[in-house]
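Written out below as structure tokens is the structure these notes cover.
The values are calculated or read from the model by the stated rules, or taken from the named source; none is laboratory data. No experiment lies behind these values; they were computed from the predicted model shown. No Cβ is skipped: glycine too gets one built from the backbone with ideal geometry, and neighbour counts run over all protein chains shown. Surface accessibility is based on the protein's heavy atoms, side chains included, excluding ligands, DNA and RNA. Shrake-Rupley method; radii C 1.70, N 1.55, O 1.52, S 1.80 Å.
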Amino acid sequence: MTKISRRRLLGGIAATSLPVTLPVAAEGLDDLQIVQMLIDAHKAAVGSFENDFPDEIWPDDEAADALAVKLSHEKDEAAEALCFYRPTSLEGVHAKAEYMFGCADFVDQEANDDWTRSELISAFLPAGKDVTPWGRVGGGSQGTGLPPPS
């Protein structure tokens, strides 16, 4: 009989409810290693976006336009994977928070309309414990037990 640790079992259960598909390279990694892999992938995509993005895109320059779209898509996909991955350990939450709170892709709301505050806050909660804005039907904050403001 194969023994499985409680930590790996709980991590596996949590991973089955992830809203993102992890790369094959994540198989066998612990939660902190997965978070670091997603951070590294985002850093690489941001680096490519900043270094390889065409300086000028003319209306008839299909190659430059295609490259810009590709780099932007890769950066967005890496950001989504990191944002929507739910760490299963406190160490994973800390590593993710430290990176995301220092990255304009996530925290610069004036320059970025990709994330709502609810999505960003939910990114640090266990799967299924998303927060919803107070003004939404049902009020309150889902999963926190807080009543809507009076």
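Observations, loosely collected:
- Cβ-based net charge around F49, under 12 Å, with every Lys or Arg adding one and every Asp or Glu removing one: -3
- For the peptides 34-45, 56-67, the ranking by packing is 34-45, 56-67, with the highest mean count of neighbouring Cβ atoms within 10 Å listed first.
- Between S118 and K43, the simple label model (points 7 Å from Cα in the Cβ direction) yields a spacing of 3.3 nm.
- Relative to the Cα centre, the charge distribution of the stretch 17-112, modelled as +1 at Lys and Arg Cβ and -1 at Asp and Glu Cβ, gives a dipole magnitude of about 560 debye.
- Measuring how big the stretch 55-125 is from its alpha-carbon positions, Rg and Dmax come out at 15.3, 50 Å.
- Around A78: net Lys/Arg minus Asp/Glu count, Cβ-Cβ under 10 Å: -4
- Rounded to the nearest 10 Å², the accessible area of L120 at probe 1.4 Å: 30
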